[in-house]
Amino acid sequence: MRRAVCPGSFDPVTNGHLDIIARASRLYDTVYVAVMVNKSKQGLFSIEERIDLIEQVTADLDNVQVESFHGLLVDFCKQREIPAIVKGLRAVSDFDYELQMAQMNIGLSGVETLFVPTNPAYSFLSSSLVKEVAQWGGDISHLVPPQVLDALNAKLRQQ
Ligand code: PNS
């Protein structure tokens with residue numbers, strides 16, 4: 001069984017994330033999407049809401065499993081015998097931090113990190129920008145799946 005994990009905050013999942021998850025799902029037998037809990041970062045969506053949205057938008061990918069985890073990513077990997085982390089690289093600006101994390105993770109436990117070049121259509125895309133644009137009424141319908149668009153609009157109406 002070849003297993004990999006796509007980790008992130010996914011607050012919320014975007015088309016950029018989905019592209020990486022779908023591509024990983026074609027390369028591995030099982031792909032775990034790990035919603036990593038960061039207590040010091042107040043998100044817009046709860047962890048349960050993020051998981052629910054990812055499950056909805058990956059429903060057609062049979063080998064994708066969504067979970068949350070509070071702790072180190074390498075411990076998530078160790079507990080599930082996952083040897084590889086798959087990450088999207090949007091631009092050179094991502095590289096410094098991603099390289100640091102990849103080197104820390106392999107040093108901590110031998111888990112490899114594989115970088116996948118982001119689809120150029122999504123190279124500027126991040127969950128933070130999507131939230132900011134949506135908050136001010138900008139059109140993000142081409143950047144997130146329809147379920148996420150609805151959830152974002154509902155959440156913003158509540159605020
Ligand atoms: O979507 P994000 O916020 O850019 O994802 C970053 C994430 C969650 C993948 C990273 O912060 C992470 O792996 N956090 C889990 C805690 C951990 O293992 N920290 C050490 C990283 S070397």
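Nothing in this text is a laboratory measurement; each read-out follows from the coordinates by a stated rule. Computed from a predicted model, the values in this text were never measured in an experiment. Every residue, glycine among them, receives a Cβ derived from its backbone with ideal geometry; neighbour counts consider all protein chains shown.
Taking segment 11-27 only, how many residues are over 9 Å from V144 (Cβ atoms) and among the β-branched types (V, I, T)?
Residues flagged as over 9 Å from V144 (Cβ atoms) and among the β-branched types (V, I, T) within segment 11-27 amount to 2.
Quick test of your reading of the structure: L44 fulfils all but one of (1) more than 27 Å from E132 (Cβ to Cβ); (2) among the hydrophobic types (A, V, I, L, M, F, W, C); (3) touching a helix residue (DSSP H, G or I) at 6+ places or on another chain (Cβ under 7 Å); (4) not in a strand (DSSP E or B). Name the failing condition by number.
Checking L44 against (1) more than 27 Å from E132 (Cβ to Cβ); (2) among the hydrophobic types (A, V, I, L, M, F, W, C); (3) touching a helix residue (DSSP H, G or I) at 6+ places or on another chain (Cβ under 7 Å); (4) not in a strand (DSSP E or B), the one that fails is (1).
Exactly one of (1) in contact (Cβ under 8 Å) with a residue 60 or more places away in the chain; (2) away from the ligand (no atom under 12 Å from the Cβ); (3) within 16 Å of F10 (Cβ to Cβ); (4) not hydrophobic (A, V, I, L, M, F, W, C) is unmet by E81. Its number?
(3)
Any idea which residue in segment 61-74 is nearest to the ligand (Cβ to nearest atom), counting only those that are farther than 17 Å from L18 by Cα and out of contact with any helix residue (DSSP H, G or I) (no Cβ under 8 Å at 6 or more places or on another chain)?
Among those that are farther than 17 Å from L18 by Cα and out of contact with any helix residue (DSSP H, G or I) (no Cβ under 8 Å at 6 or more places or on another chain), it is G71.
Of these, L108, L99, L114, which one is within 10 Å of the ligand (Cβ to nearest atom) and either touching a Pro at 6+ places or on another chain (Cβ under 6 Å) or among the aliphatic types (A, V, I, L, M) (or both)?
Matching residue, one of L108, L99, L114: L108.
From the list T58, T30, exactly one residue is more than 11 Å from the ligand (Cβ to nearest atom), without any contact (Cβ under 8 Å) to a residue 60 or more places away in the chain and closer than 14 Å to P145 by Cβ. Which is it?
That would be T58, the only listed residue that is more than 11 Å from the ligand (Cβ to nearest atom), without any contact (Cβ under 8 Å) to a residue 60 or more places away in the chain and closer than 14 Å to P145 by Cβ.
Are any residues in segment 5-31 in contact with a Leu (Cβ under 8 Å, 6 or more places away or on another chain) and assigned to a helix (DSSP H, G or I), and if so, which ones?
N15, G16, I21, A22, S25
Each row is one residue, and each column tells you yes or no for (1) aromatic (F, W, Y); (2) surrounded by fewer than 17 Cβ atoms within 10 Å (Cβ to Cβ); (3) under 14 Å from L18 (Cα atoms).
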{"residue": "T113", "(1), (2), (3)": "no, no, no"}
{"residue": "T118", "(1), (2), (3)": "no, no, yes"}
{"residue": "A121", "(1), (2), (3)": "no, yes, yes"}
{"residue": "L152", "(1), (2), (3)": "no, no, no"}
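Out of Q56, Q79, which single residue is in a helix (DSSP H, G or I) and farther than 23 Å from R2 by Cα?
The conditions single out Q56.
Just for segment 87-96: of the residues that are more than 11 Å from the ligand (Cβ to nearest atom) and not in a helix (DSSP H, G or I), which one is surrounded by the most Cβ atoms within 10 Å (Cβ to Cβ)? Don't jump to the end; show me each part of the working.
Taking segment 87-96 as the starting set, the residues that turn out to be more than 11 Å from the ligand (Cβ to nearest atom) are 89, 91-93, 95-96.
Checking the rest, the ones that are also not in a helix (DSSP H, G or I) come to 89, 91.
On the way: L89: 16, A91: 11.
Out of the qualifying residues, it is L89.
Out of S126, S141, S93, I need the residue that is farther than 19 Å from D11 by Cβ and either free of Cβ contacts under 8 Å to residues at least 24 places away in the same chain or under 19 Å from the mean Cα position of the chain (by Cα) (or both). Which one?
The unique qualifying residue is S93.
May I ask you to verify whether V35 is buried (at least 17 other Cβ atoms within 10 Å of the Cβ), within 9 Å of the ligand (Cβ to nearest atom), more than 11 Å from the chain's Cα centre (by Cα) and touching a residue at least 24 places away in the same chain (Cβ under 8 Å)? Step through it out loud before you land on a result.
On the way: buried (at least 17 other Cβ atoms within 10 Å of the Cβ): yes; within 9 Å of the ligand (Cβ to nearest atom): yes; more than 11 Å from the chain's Cα centre (by Cα): no; touching a residue at least 24 places away in the same chain (Cβ under 8 Å): yes.
No.
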